[in-house]
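Student: I have a structure here, written as structure tokens, and I will follow up with some questions on it.
The values are calculated or read from the model by the stated rules, or taken from the named source; none is laboratory data. For clarity, every value in this text was computed on a predicted model and none was experimentally measured. We place every Cβ from the backbone using ideal geometry, glycine too, and count neighbours over all the protein chains shown.
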Amino acid sequence: MGETTSDKELHERYVGGDRSAGATIVARYLEPLRNYIKRRLPAEAEDLAQEALIVYIERPQRCTQGRLRPFLFGVVHNLLLKKYRWKGRHPEEELPPLSLLEAANPGLSSVVGGHEQLRRLLAALHGLPAEHSAVIELLLWGLTIDEVAAALDQNLNTCKGWKQKGIKRLRASLGELRISEHEAIAALHELGLADQPHVRAFFERLAAEEDPEEDPEDP
């Protein structure tokens, strides 16, 4: 039972009592969830990723229609929000800032140092409002806008609005920082992120002024 088995089929098998399907789900999503968390709370990435998977494993019926990806990323999103609220009550606890591309590539910080284009690109991404950043980041991780809305537990039209505003602000920020979308793509190539189809496609569509929403097939 490998990557060719859809999430929906794995979910149905697990709900039906197939424990091996559950193991496959854990193997499929542990690393993506861990990487998504890592640049925000690196010390807790493993624990939070496992906690999100346990939420599913213990009560898989909560995952409607077997849509594992938005469900699991939504659980992780909520776990991170709880951590940030906890930080509000304990200001002495420092949490690293959110970063779209750092999350996708944990080795980014060591590469950015002497690269002006990368510094400008990250500055543009850091400058987005939180809700816009959340939508665009999940799109970069390969979710569709419908899946993003489910993950964030928001109305679809609300998420579409955040996406469009975020894209508009990102284009404007890149212009202000004097880095073109094409230069952003070149920077992604240097980082090795261009090998991730959803990230490369996002910025290529951004450069073409198209709607940069990925619609990947279910793994």
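Student: Among the candidates 210, 181, 176, which residue alone is at pLDDT below 65, in the same structural domain as residue 146 (by TED's automatic domain parsing) and either among the acidic types (Asp, Glu) or in contact with a helix residue (DSSP H, G or I) (Cβ under 9 Å, 6 or more places away or on another chain) (or both)? Let's see the steps before the verdict.
Tutor: Values: 181 fails: at pLDDT below 65; 176 fails: at pLDDT below 65.
Only one candidate qualifies: 210.
Student: On the given criteria, is residue 124 among the small types (Gly, Ala, Ser), assigned to a helix (DSSP H, G or I) and modelled with pLDDT of 70 or more? So that I can check it myself, show each step before the final result.
Tutor: Working: among the small types (Gly, Ala, Ser): yes; assigned to a helix (DSSP H, G or I): yes; modelled with pLDDT of 70 or more: yes.
Considered against the rule, which asks whether it is among the small types (Gly, Ala, Ser), assigned to a helix (DSSP H, G or I) and modelled with pLDDT of 70 or more, residue 124 comes out as yes.
Student: Let me ask something additional. Are any of the residues in segment 1-18 at pLDDT below 95, among the small types (Gly, Ala, Ser) and within 25 Å of residue 130 (Cβ to Cβ)?
Tutor: Checked segment 1-18: no residue is at pLDDT below 95, among the small types (Gly, Ala, Ser) and within 25 Å of residue 130 (Cβ to Cβ).
Student: OK, next. Given 46, 93, 58, 102, which one is surrounded by 14 or more Cβ atoms within 10 Å (Cβ to Cβ) and either farther than 19 Å from residue 186 by Cα or at pLDDT 70 or above (or both)?
Tutor: Working: 93 fails: surrounded by 14 or more Cβ atoms within 10 Å (Cβ to Cβ); 58 fails: surrounded by 14 or more Cβ atoms within 10 Å (Cβ to Cβ); 102 fails: either farther than 19 Å from residue 186 by Cα or at pLDDT 70 or above (or both).
Residue meeting the stated conditions: 46.
Student: Also, quick follow-up: Filter segment 35-74 for residues that are of a type in the set (Ser, Thr, Tyr) and either out of contact with any helix residue (DSSP H, G or I) (no Cβ under 6 Å at 6 or more places or on another chain) or assigned by TED's automatic domain parsing to the domain that holds residue 154 (or both) and give the result.
Tutor: As a first pass, look at segment 35-74 and keep what is of a type in the set (Ser, Thr, Tyr): 36, 56, 64.
Answer for segment 35-74, where residues must be of a type in the set (Ser, Thr, Tyr) and either out of contact with any helix residue (DSSP H, G or I) (no Cβ under 6 Å at 6 or more places or on another chain) or assigned by TED's automatic domain parsing to the domain that holds residue 154 (or both): 56, 64.
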